[in-house]
Amino acid sequence: MSANSAGHGTKHFKMHGLAGWGIIIGLPFAAIHALLTIKHGPDSVVHWLSSTHGALGMIAFLSAAILYCKLEMDEVIMDYFDGGLRAFGQLANTLVATILWLACVVGLVLAAFV
């Protein structure tokens, strides 16, 4: 085990904790807003996500959720794979998480600001 792997574990643990707190704090707001808008029909949900505060809140929540899922999958990859397969798995995991995050952000930004 190298000195970098110990630092990586600490960094990973801190990022995991911050992303978890982002989900814990963001989920009630996202759920309450979604429940309040759903009762007015599907058009109100689109209107809410097209508003500035709705889009920014959802971007913040989705960013934390996607990062948390990426970090969880990184743990699985680091625990069960070695060498080239580990590097490929982490690269693939990073690419999929980044593409998913970009798709969510671009969709919400286009809906709210364009």
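Residue-wise test of (1) small (Gly, Ala, Ser); (2) modelled with pLDDT of 90 or more.
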position	(1), (2)
Ser5	yes, no
Lys11	no, no
Lys14	no, no
Leu27	no, no
Ala30	yes, no
Ala34	yes, no
Lys39	no, no
Pro42	no, no
Ala55	yes, yes
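Restrict the check to the range 76-84 and report whether at least one residue is part of a loop (DSSP other than H, G, I, E, B), among the acidic types (Asp, Glu) and more than 14 Å from the chain's Cα centre (by Cα). So far as the range 76-84 goes, yes, one or more of its residues are part of a loop (DSSP other than H, G, I, E, B), among the acidic types (Asp, Glu) and more than 14 Å from the chain's Cα centre (by Cα).
Condition check ((1) free of Cβ contacts under 8 Å to residues at least 40 places away in the same chain; (2) aromatic (Phe, Trp, Tyr); (3) within 20 Å of Val109 (Cα to Cα)) across all residues:
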position: His12; (1), (2), (3): no, no, no
position: Leu35; (1), (2), (3): yes, no, no
position: Gly54; (1), (2), (3): no, no, yes
position: Tyr80; (1), (2), (3): yes, yes, no
position: Gly83; (1), (2), (3): yes, no, no
position: Gly89; (1), (2), (3): yes, no, no
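For Leu36, the criteria (1) among the aliphatic types (A, V, I, L, M); (2) under 19 Å from Ala112 (Cβ atoms); (3) touching a Leu at 6+ places or on another chain (Cβ under 9 Å) hold in every case but one, which is (3).
The values are calculated or read from the model by the stated rules, or taken from the named source; none is laboratory data. Note that the structure is predicted; figures quoted are calculated from it, not measured. Using ideal geometry, Cβ is built from the backbone for each residue, glycine included, and neighbour counts are taken over all protein chains shown.
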